[in-house]
1. May I ask you to list pairs of residues, at least six apart or on different chains, whose Cβ atoms are under 6 Å apart, with the first in the stretch 16-42 being in contact (Cβ under 8 Å) with a residue 40 or more places away in the chain and the second being outside any strand (DSSP E or B) and surrounded by 13 or more Cβ atoms within 10 Å (Cβ to Cβ)?
2. If residue 2 passes every condition in (1) touching a helix residue (DSSP H, G or I) at 6+ places or on another chain (Cβ under 9 Å); (2) surrounded by 11 or more Cβ atoms within 10 Å (Cβ to Cβ); (3) touching a residue at least 12 places away in the same chain (Cβ under 8 Å) but one, which one does it miss?
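Computed from the coordinates by the stated procedures, all read-outs in this text should not be read as laboratory data. Being a predicted model, the structure only gives us computed values, none of them experimental. Cβ placement follows ideal geometry from the backbone for every residue including glycine, while neighbour counts extend to all protein chains displayed.
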């Protein structure tokens, strides 16, 4: 299983590590805690990205 630390996950999501930590603490992104460190799976990153999607509103 491929997993990313906070620096790698933040880079993939194009946000700062501080913002990623804030999102994690707010419960908006899933994570694993192993050996006292925080890790993110690709699926968790995709789920988070999908939850941030905003669809355009069509004007009539």
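1. 41/3
2. Looking at each condition in turn, residue 2 falls short on (2).
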